[in-house]
Amino acid sequence: MSFLMTPYREPDYSIEPLASAPDARFVTVEREGVAPRGFHSTSMHPEYFKVDGIWMLAPDMMMDDVVRLNADGTLEVLPARELKVGDLVAVGRQERGEEGILVWSDGFAPAGQGAEDQFAFRQGRSRETSYARDYDQLVELLTYERDHGNILWVAGPAFTFDSEARAAMSAVIDAGYAHGLMGGNALATHDLEGALLHTALGQDIYTQVSQPGGHYNHMDVINEVRRSGSIRQFIADNGLDDGIMCALERRGVPYVLAGSIRDDGPLPEVIGDAYASQDAMHGLIKDATTIICMATMLHSIATGNMAPSYHVQEDGSVRPVMFYAVDATEFAVNKLRDRGSLSATTIVANAHDFITRLARGLGLSW
């Protein structure tokens, strides 16, 4: 079965209150990093602003940001901390068009069915749910997205602890099913430990047997990567060619490693500044059309908060951003299940089972 993209429906501007809506108000910023009182706070949905009598769709949406009207007449969504004195920022708390601002949550719903209907018919998903069709649909989606979209993975370190899961993820990357990856210090560290020493946190990735003195392994690897100066140079210095980081470097796939307060080392590429990490993550998220979050509640929730429900393509058309959350615990995926009127597809599975089953569904071997 070939993948069918959900069509997008624009608002009907001829009906009230849109037909008689005033232009949106934009108020001048008087203090750097401080939005005007009554500022409009963004969602992850398509949002329209009436400017000079024309409804304009804001591109590159992110939740809890503000909207700036630029001198060239374009709209820009950005964090309030980036505002400069003199910027014009949208104000208004009515979101159905009454103040020239429309938050449009029905764009991907079938005609005649709105967000309230979607909530009414949503069913819970748990460890008892059958996910067979979800895997089939994800294979169809990724097959389409490899050549027509942008696939972003958000991954924790769980699947670096097993040689098969690690090889399956590498095969997915090498086959072109990844256009970006986001994770933390642990993901890269334990993957590189596996490449160099065949362990992860000192445990053999083939037998899962802890090695004598193995608790030093990841610290030694971090130290050697820092000695090399970068992950890329460390791979070259040691002649490594297997694993996730090797596949990313080999394919030229961009990645963001966001730091946390408990990081060891960290590796040179890990971004320790939280706001710099957010900006770097947003740089990958804004281009993504499919996002798969796997076995990392911290990074998954952060990504869910930054990811829009839609993507404006180069030809101006609008398509949905497909969002998957995968974790072994129901709590973790349920945190991301409801994203406004659009729901993330959630799968309760451990990382090894998910990635190996998906890779086989894509026809990959390793």
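The values are calculated or read from the model by the stated rules, or taken from the named source; none is laboratory data. Predicted model, so just to flag it, every value in this text is computed and none were measured. All Cβ positions, even for glycine, are placed from backbone atoms using ideal geometry, and neighbour counts span all protein chains on display. Areas reflect the complete protein model, heavy atoms only, side chains present, ligands, DNA and RNA absent. Shrake-Rupley method; radii C 1.70, N 1.55, O 1.52, S 1.80 Å.
When the helices (runs of 4 or more DSSP H) confined to the stretch 295-366 are screened for residues that are among the hydrophobic types (A, V, I, L, M, F, W, C) and touching a residue at least 40 places away in the same chain (Cβ under 8 Å), those reaching at least 2 such residues are found at 297-306, 351-361.
Do you know which residues across the stretch 286-295 are open to solvent by 20 Å² or more (accessible area, probe 1.4 Å) and in contact with a Gly (Cβ under 7 Å, 6 or more places away or on another chain)?
Narrowing the stretch 286-295 to residues open to solvent by 20 Å² or more (accessible area, probe 1.4 Å): 286-287, 295.
Of everything in the stretch 286-295, just one residue is open to solvent by 20 Å² or more (accessible area, probe 1.4 Å) and in contact with a Gly (Cβ under 7 Å, 6 or more places away or on another chain), namely Ala295.
Scanning the stretch 7-22 finds one or more residues that are surrounded by fewer than 12 Cβ atoms within 10 Å (Cβ to Cβ) and closer than 30 Å to Leu141 by Cα. Within the stretch 131-150, identify whether any single residue is open to solvent by less than 40 Å² (accessible area, probe 1.4 Å) and in contact with a His (Cβ under 6 Å, 6 or more places away or on another chain), and answer yes or no. Yes, because at least one residue in the stretch 131-150 is open to solvent by less than 40 Å² (accessible area, probe 1.4 Å) and in contact with a His (Cβ under 6 Å, 6 or more places away or on another chain).
Wholly within the stretch 25-84, which strands (runs of 3 or more DSSP E) include no fewer than the required count, namely at least 2 residues that are of a type in the set (Val, Ile, Thr) and open to solvent by 40 Å² or more (accessible area, probe 1.4 Å)? Spell out how you get there, then give the answer.
Details: elements: 25-28, 47-51, 54-57, 66-69, 75-78.
Filter on the stretch 25-84 gives 25-28.
Filtering the stretch 80-138 down to residues that are among the aromatic types (Phe, Trp, Tyr) and closer than 18 Å to Pro7 by Cα, which residue is modelled with the lowest pLDDT? The extreme case among them is Phe108.
Every residue, every condition in (1) surrounded by fewer than 16 Cβ atoms within 10 Å (Cβ to Cβ); (2) closer than 28 Å to Met322 by Cα, yes or no:
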site: Ile205; (1), (2): no, no
site: Asp220; (1), (2): yes, no
site: Gly265; (1), (2): no, no
site: Ser277; (1), (2): no, yes
site: Ser300; (1), (2): no, yes
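Looking at the structure I just gave you, is Arg250 touching a residue at least 24 places away in the same chain (Cβ under 8 Å) and open to solvent by 10 Å² or more (accessible area, probe 1.4 Å)? Criteria met by Arg250. Looking at the structure I just gave you, is Arg93 open to solvent by 70 Å² or more (accessible area, probe 1.4 Å), under 24 Å from the mean Cα position of the chain (by Cα) and farther than 30 Å from Tyr135 by Cβ? Criteria not met by Arg93.
Is it the case that Ala200 is at pLDDT 95 or above, in contact with a Phe, Trp or Tyr (Cβ under 9 Å, 6 or more places away or on another chain) and of a type outside the set (S, T, N, Q)? Don't jump to the end; show me each part of the working.
Values: at pLDDT 95 or above: yes; in contact with a Phe, Trp or Tyr (Cβ under 9 Å, 6 or more places away or on another chain): yes; of a type outside the set (S, T, N, Q): yes.
The answer is yes for Ala200.
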